[in-house]
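The values are calculated or read from the model by the stated rules, or taken from the named source; none is laboratory data. As the structure is a computational prediction, the values presented were derived from the model and not from experiment. FYI the Cβ positions are ideal-geometry reconstructions off the backbone, even for glycines, and counts take in every protein chain you see. Accessible surface is based on the protein model in full, side chains and every heavy atom, while ligands, DNA and RNA are left aside. Shrake-Rupley method; radii C 1.70, N 1.55, O 1.52, S 1.80 Å.
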Amino acid sequence: MASDIEFDVESLKTSQIPTNLLAMMAENAPSVVAARNPNVYAGKGKQARKWKWESFTNPARSDGLQLRHWKRLDEFDEPYPYARFNTTSEPYSYSEDEYDRMLQDVTWSRDETDYLVKLIHEFDVRWPVIWDRYEWRSGRTLEDLKARYFDICRKLIQSRISSDESSTNQLLQAYQFDKEREMMRKQYVNSLFARTPQQITEEEELYIEAKRIEQDERKWRCERDELVRTVSMSRNEKRKASGGADIATSTLAPMSTSNEEQPHKRTAKSAAYDAQHYITRPSSHLPLKSSSNIPPFSRATKLAQKITPQRIRECLQSMGLSDKLQYPTAANVAKYEGVKEATAQLQEIRRAHERVANELRLAKGISVSADERATASTPVARAASEHPTPTSTPKPTTPAPENSMGLSTDSSDPNESNDLNKRRKL
Amino acid sequence: MVIYGADEVSALVVSAGSTTLCAGYAGEDAPKVVIPTHYTHNQEKTFFGDNGPDVYRDGYQVDNTMKDSLVDDFDKFTELLEHTFTHCLRVNTEDHPLLFTEPAWNTQKHREKIAEIAFDKFNVPGFYIANDSVLSAFAAGKSTALIIDIGAESTSVTPIVDGFVLRKGVVRNNIGGTQITNNYLNSLDPTQRSNLNTNLIPHQLIESKTTVEPGKNPQFTTRSDINPSESWMNWSKSKILKDWRESTSAISENGWDHGALMQRPIKSYEFPNGFADNYQLCRFVANEILINPIPFNPLPHTPNTFEPASINCSYPKPLPELIKESIQAAETDSRHHLLSNIIIVGGVSATPGLSERIQNELYAVLSNTRVKVHSPANTVERKFASWLGGSMLGSLGTFHQLWISQDEWREFGNPIVSMRCK
């Protein structure tokens, strides 16, 4: 093709265009020149395909109507290709005997049932159309028709002998129809459809409002959880102190999941050995708190996390405690850990208190003008001032006094936070 | 063999409305023949088609074979069909199956009579009669749709589900092209109206004319040798008026807005006698009768006695109300599909801005569901939507099993029509 064009350009250059015009074109000779290719329509030596106007019969018809269409002569005779699209959904129908045996219904006469099934066949189970054309008697809803037909289908499926049990069950499943539920659904759809524009805008507004409230709630809960966590940590501490070493070991309990069987095999002798050398083996008899979602892990990694944070270490050092135990028996370790946790908690509580006090101060500043709000906040403010910041002087000695401090904040903090939240909502 | 759906058996498709008859071969994209359903006649002779009422003949009357989209005069209609087949299409009907269209309010008697004519008179090998709304839906490539057909004499709303008309949902009023034209005339100011009325002279009666400025008195001479009958004058005048309406009128897309509509361009129209005038606001008033007829004193709707009860209504209802009524009558689950497939067809649907307006009106009435109004992009597809659908249906390979054959007709007689054409 390309060569053809080139050839043509050449021929143009040589013959048809005057030389002065050609000089103006020079290098810019037209990129596309209508190429005359005489071979395009020549059919490449092949003869045109032959067609014939021929009559045909359609096997989908019962009367053998002969219509005529164009047919390629090089094709073999085959049955009319569109006949295979003549399909139906194969709705169920029943025999006289079957109806008498099991299909009788008080609300449906035989004639009406026949009429329904006839319509279903006629419109190939197109329910909206069937319902539209149903003229036996008024008052039948689409659900009535469906319920009757599906009921017939289920009974027929059950009674007819089938080789495959599972396919029968599948069919039964497919013809399941819950009329009440369907009617309920229709009712909902209708009420959705019948909404007025005012109702729709109202609904939208409500939805947005609900979303907003939900968001607020989540935020609020998040804050509260944090507060509760801080407070409950001190409570746990108290419990732990009274429980002693026994509970302390429970923190190690999840680690024993990997070798659960072993403790049972221990002999009395080894138990005596352990007692003598202060070896406490983690016991699997203790209930696991959330064993189900603990993935397998190496104990070493768990222990590594027990590194004391810098600030706690500093705090302990100020009390003259080193961060390593000389003789770390289980009981000693537990006690030492208790002290460390109490210190950590103390610091947590101090921070939480500072934050709440800050917020309180802010809120007070905002609501200075509103009298009733100011009075509402005064008891809390008084409570806050009555309890001096617990850890302003870092003098932790034993867990016991700290716990009492923790409890006192326990009583005041949630009130404070609730109050704050109330005001925030206002 | 590659199956692409079509297998042409050179079927003929005939679609007759209140004023126009379209005919052509199935499989083509436009009807070959578009002629009026009117005919002109005196005691001895009758003329149809392009050679019919358009031609002035001394002492000839003009009458319509159709009334309200149904065949009114079967004898003349048979002659009209014969004219179509032998003089316009020039076919031998014995070789071609015939696909006919009918409105949703067609009666059993009418369709059987047409089948009878097709088999006995034209001896067709196969016959089928399909609902024109269903065919309009097919033409738009949909099998479930809500068809709004705005024709010459009525507006009908027909829900189609899976290719079947939901008969309970067929509603209509008597607002169509004719009433819009009347309303257009009424909305003109008195001078414009009287100018228009005096200058409404069919071109057949004009001997000569000269061009004048718009609004100036026309200069023309009428033929003195002819004396047209009243019916012929009415027919010719209504034809001019129809053209005048189609070329100038439009509808406001977003409801009536006086200020905005005053900004719209003026349209001018030149009548056959050379008189030209400009139309501004009233060209928008005219079509408002479609949306809400009540303020415009429409003609009362006198339904045919044979129509199903659901179609009857004594006063013409507003279009959005018709649509809502039609949707309410449909089954709950199909409503959503119907509303998202609204198709506007018919001659009047070519009015500029109409589909946007209907969409906006429906938003106001049915704001809670997705409403989508489709309308074919070109005028041919809107005007001849049902013929086009028939053309598609008649050329489908899978459709050929549905023809009522000559043999079946002889065997079963009339009842086969309603058995086959549901």
**OP:** Those residues that are closer than 14 Å to residue B:13 by Cα and more than 14 Å from every other protein chain (Cβ to nearest Cβ), I need them from the range B:123-140; list them, please.
**Re:** B:129, B:130, B:132, B:135, B:136, B:139
Original post:
Within the range B:164-179, is there a residue that is open to solvent by less than 10 Å² (accessible area, probe 1.4 Å), more than 22 Å from residue B:39 (Cα to Cα) and in contact with a Gly (Cβ under 7 Å, 6 or more places away or on another chain)?
Top reply: no
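Say whether the condition of being of a type in the set (Lys, Arg), at pLDDT 90 or above, part of a helix (DSSP H, G or I) and not assigned by the TED database to the domain that holds residue A:336 is met by at least one residue in the range A:223-231. Don't jump to the end; show me each part of the working.
Here is the first cut: in the range A:223-231, the residues of a type in the set (Lys, Arg) are A:224, A:229.
Pick out the ones that are also at pLDDT 90 or above and you get none.
Looking for residues that are of a type in the set (Lys, Arg), at pLDDT 90 or above, part of a helix (DSSP H, G or I) and not assigned by the TED database to the domain that holds residue A:336, one finds none in the range A:223-231, hence no.
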Original post:
Which condition number does residue A:267 fail, the rest of (1) modelled with pLDDT under 80; (2) surrounded by 10 or more Cβ atoms within 10 Å (Cβ to Cβ) being met?
Top reply: (2)
Subject >> Output for the range A:154-192, where each listed residue is among the hydrophobic types (A, V, I, L, M, F, W, C), within 14 Å of chain B (Cβ to nearest Cβ) and open to solvent by 70 Å² or more (accessible area, probe 1.4 Å) >> reply: A:183, A:184, A:192
**OP:** Output yes when any residue across the range B:340-360 is out of contact with any Pro (no Cβ under 9 Å at 6 or more places or on another chain), over 20 Å from residue B:175 (Cα atoms) and part of a helix (DSSP H, G or I), and no when none is.
**Re:** no
Original post:
Hey, any hits in the range B:233-244 for a residue that's more than 18 Å from the chain's Cα centre (by Cα), under 25 Å from residue B:282 (Cβ atoms), assigned to a loop (DSSP other than H, G, I, E, B) and among the hydrophobic types (A, V, I, L, M, F, W, C)?
Top reply: no
Subject >> Selection count where residues are farther than 17 Å from residue B:10 by Cβ, of a type in the set (A, V, I, L, M) and over 25 Å from the mean Cα position of the chain (by Cα), scope the range B:384-409 >> reply: 1
**OP:** Kindly provide the set of residues from the range B:25-57 that are at positive phi and more than 14 Å from every other protein chain (Cβ to nearest Cβ), ordered by number.
**Re:** B:49
Original post:
Would you pick out the residues in the range A:41-95 that are within 12 Å of chain B (Cβ to nearest Cβ), among the aliphatic types (A, V, I, L, M) and farther than 20 Å from residue B:94 by Cα?
Top reply: A:60, A:83
Original post:
Is it true that residue A:140 is surrounded by fewer than 19 Cβ atoms within 10 Å (Cβ to Cβ) and within 14 Å of another protein chain (Cβ to nearest Cβ)?
Top reply: yes
**OP:** For the range B:333-342, indicate whether the set of residues that are buried (at least 19 other Cβ atoms within 10 Å of the Cβ) and at the interface with another protein chain (Cβ under 9 Å from one of its Cβ atoms) is non-empty.
**Re:** yes
Subject >> Residue list for the range A:92-118, filter: free of Cβ contacts under 8 Å to residues at least 40 places away in the same chain and open to solvent by less than 20 Å² (accessible area, probe 1.4 Å) >> reply: A:99, A:112, A:113, A:116, A:117
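Conditions (1) free of Cβ contacts under 8 Å to residues at least 12 places away in the same chain; (2) not assigned by TED's automatic domain parsing to the domain that holds residue B:334, marked per residue:
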{"position": "B:165", "(1), (2)": "no, no"}
{"position": "B:202", "(1), (2)": "no, yes"}
{"position": "B:211", "(1), (2)": "no, yes"}
{"position": "B:220", "(1), (2)": "no, yes"}
{"position": "B:236", "(1), (2)": "no, yes"}
{"position": "B:243", "(1), (2)": "yes, yes"}
{"position": "B:251", "(1), (2)": "no, yes"}
{"position": "B:260", "(1), (2)": "yes, yes"}
Subject >> Conditions (1) open to solvent by less than 10 Å² (accessible area, probe 1.4 Å); (2) within 21 Å of residue B:101 (Cα to Cα); (3) part of a loop (DSSP other than H, G, I, E, B); number of the one not met by residue B:21 >> reply: (3)
**OP:** Could you please give the count of residues in the range B:189-231 that are over 29 Å from residue B:40 (Cα atoms) and part of a loop (DSSP other than H, G, I, E, B)?
**Re:** 9
Original post:
Looking only at residues in the range B:383-403 that are assigned to a helix (DSSP H, G or I) and open to solvent by 40 Å² or more (accessible area, probe 1.4 Å), which one is modelled with the lowest pLDDT?
Top reply: B:383
Original post:
Only one residue in B:28, B:44 is closer than 29 Å to residue B:154 by Cα, acidic (Asp, Glu) and either assigned to a loop (DSSP other than H, G, I, E, B) or out of contact with any helix residue (DSSP H, G or I) (no Cβ under 7 Å at 6 or more places or on another chain) (or both). Which one?
Top reply: B:28
Original post:
Within the range B:113-140, which residues are under 12 Å from residue B:94 (Cβ atoms) and within 23 Å of the chain's Cα centre (by Cα)?
Top reply: B:118
